[in-house]
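The values are calculated or read from the model by the stated rules, or taken from the named source; none is laboratory data. Just so it is clear, the structure is predicted and the values come from calculations on it, not from any experiment. Cβ coordinates were reconstructed from backbone atoms using ideal geometry, including for glycine residues, and neighbour counts include every protein chain displayed. Ligands, DNA and RNA are stripped out before the accessible areas are found, and what is left, the full protein with its side chains, is counted by its heavy atoms. Shrake-Rupley method; radii C 1.70, N 1.55, O 1.52, S 1.80 Å.
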Amino acid sequence: MARTVDPELQAQRRNAITDAAAALFAEHGYETTPVTAIAKGAGVSSGTVFHYFGDKRGVFRAIFERDLPESRAMVERYRDAPDPLEAILDMVAELVGPASDPLAAGLVVEVIRQVGHDPQLATVLEEEDALVNEGLIQLLRRAHGRVDPALDPVATATWIRAITDSAFLYADNPAATAPVDTMRTVIRRYLTGHRGESS
């Protein structure tokens, strides 16, 4: 008789494994974190880790794969916002928010180190980047009356991502306080050309 699969239990186990792995990778690095430590942190066996993810790279990749549905939902949520400029700034806030997570800086370092060794990880990151960029481009085109007309939407979306990504590079810097408010201000001034758009 076939064993019944419990999707909720599977999801819980996958999340427990990826959460444990994210903490360990951020603190100790990818190379020095064994699967046994991930399994112990998640309260499962090493076999369970391999069953769900195949190998350690699969676990690492899964941490970032989780961002895809969240990013897709975010883009959809703001797509038809009545005020596209404010929608862009709200997206910026959502993109930068995770930089306050204590794990953020360590994970950024590790993803930079590992992306060149894992084409599938590169594909995941590129897909997420393209998804968010397209959402920003559409909002920038709709916000033509509120933003500096000299700004090209495609180039501007790329620069917005570059600026927001910098929040993660400085995530562990004690002087880099209030990243969300700071980035909203920076992006607003960039988009409006210091025209005094209200906050």
Looking at THR123, THR182, THR177, THR156 in this structure, which one is free of Cβ contacts under 8 Å to residues at least 40 places away in the same chain, over 16 Å from the mean Cα position of the chain (by Cα), under 21 Å from MET74 (Cα atoms) and surrounded by fewer than 16 Cβ atoms within 10 Å (Cβ to Cβ)? THR182
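So that you can scan it fast, the table gives a plain yes or no per residue for (1) surrounded by fewer than 17 Cβ atoms within 10 Å (Cβ to Cβ); (2) more than 30 Å from ASP181 (Cα to Cα):
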position	(1), (2)
VAL35	no, yes
ARG79	yes, no
VAL96	no, no
GLY116	yes, yes
Filtering the stretch 1-33 down to residues that are part of a loop (DSSP other than H, G, I, E, B) and among the β-branched types (Val, Ile, Thr), which residue is nearest to the chain's Cα centre (by Cα)? THR33
Filter the stretch 37-57 for residues that are open to solvent by 30 Å² or more (accessible area, probe 1.4 Å) and either of a type in the set (D, E, K, R) or under 25 Å from ALA105 (Cβ atoms) (or both) and give the result. ALA37, LYS40, GLY41, ASP55, LYS56, ARG57
So is VAL147 more than 26 Å from THR18 (Cβ to Cβ), open to solvent by 40 Å² or more (accessible area, probe 1.4 Å) and either among the aromatic types (Phe, Trp, Tyr) or more than 12 Å from the chain's Cα centre (by Cα) (or both) or not? no
When you scan the stretch 58-75, how many residues do you find that are over 25 Å from TYR170 (Cα atoms), free of Cβ contacts under 8 Å to residues at least 12 places away in the same chain and open to solvent by 10 Å² or more (accessible area, probe 1.4 Å)? 2
From the set of residues in the stretch 56-85 that are out of contact with any Asp or Glu (no Cβ under 8 Å at 6 or more places or on another chain) and of a type in the set (Asp, Glu), which is nearest to ILE38 (Cα to Cα)? GLU65
So which pairs qualify, if the first residue must be in the stretch 108-120 and closer than 28 Å to ASN173 by Cα and at pLDDT below 95, the second must be open to solvent by less than 70 Å² (accessible area, probe 1.4 Å) and not charged (D, E, K, R), the Cβ gap must be under 6 Å, and the two must be at least 6 apart or on different chains? VAL108/PHE168
